[in-house]
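The values are calculated or read from the model by the stated rules, or taken from the named source; none is laboratory data. None of these values were measured; they are calculated from a predicted model. Using ideal geometry, Cβ is built from the backbone for each residue, glycine included, and neighbour counts are taken over all protein chains shown. Each accessible area value is taken on the protein alone, full model and side chains, heavy atoms only, with ligands, DNA and RNA left out. Shrake-Rupley method; radii C 1.70, N 1.55, O 1.52, S 1.80 Å.
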Amino acid sequence: MNYKLHHNASKPWKAWRSKQWRMSISFELLGLRYPSVILVLLSLCLHTTEATAQAQDFCFDPAVNYAAGSGPQSVFAADLDGDGDLDLVVSNNNSNNVSILKNNGNGTFAAAVNYTVGTEPSSVFAADLDGDGDLDLAVANWFSNNVSVLRNNGNATLTAAVNYAAGSGPRSVFAADLDADGDKYQGEVAHF
């Protein structure tokens, strides 16, 4: 499955600090073809031009692949262990779990640790759901019509999932302080 997003040349970018920015993004998520491997190829090149300078290109290094569960559906980056580095959380549609890949702090990730959730997880989101300062996980489970909440123990290990009914076919989950009272987050679930 390929996703491509390219800048439309007919709509110019606005000037920023006297530079014209033009961005081209190519994103391919092939994990569904190879269900045991997250294969993400991201090519992002920023081209900057100024009246007095030549164009410069900035690109990412080649992709590195990490194993996850079967049928990766959604990826979320969050600092789950509090070390200042972004860890990865992957919802795995076919294996009914989420994979945690802890950031080693040097641009690489540890082997995945899997946690069981509802049936056919389609989306994952990290937020401090219990107010203890650690990022917990909320997972929308399409086929079981619920949302799994996994509390973080503070070191990127999680408690067993607690499932909450969410209506028919939840596809996406998001958490925010919707009533602006400053306490815990409330969740939003999108159905398609």
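Computed values, structure above
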read-out: Fully extended contour minus Cα-Cα distance, from ASN94 to ALA63, at 0.36 nm per residue; value: 8.8 nm
read-out: Residue-normalised accessible area of the range 67-192, expressed per residue, 1.4 Å probe, Å²; value: 46 Å²
read-out: 14 Å beta-carbon shell around ASN103, net charge (K/R +1, D/E -1); value: -4
read-out: Per-peptide average of other Cβ atoms within 10 Å, ordering 90-96, 70-76, 137-143 highest first; value: 137-143, 90-96, 70-76
read-out: Amide H within-cut-off set for ASN145, under 5 Å, with H built and near neighbours excluded; value: GLY169
read-out: Coordinate range along principal axes, alpha carbons of the range 69-119, Å, largest first; value: 32, 16, 15
read-out: Surface share of carbon and sulfur [accessible, 1.4 angstrom probe, percent] for the range 138-181; value: 55 percent
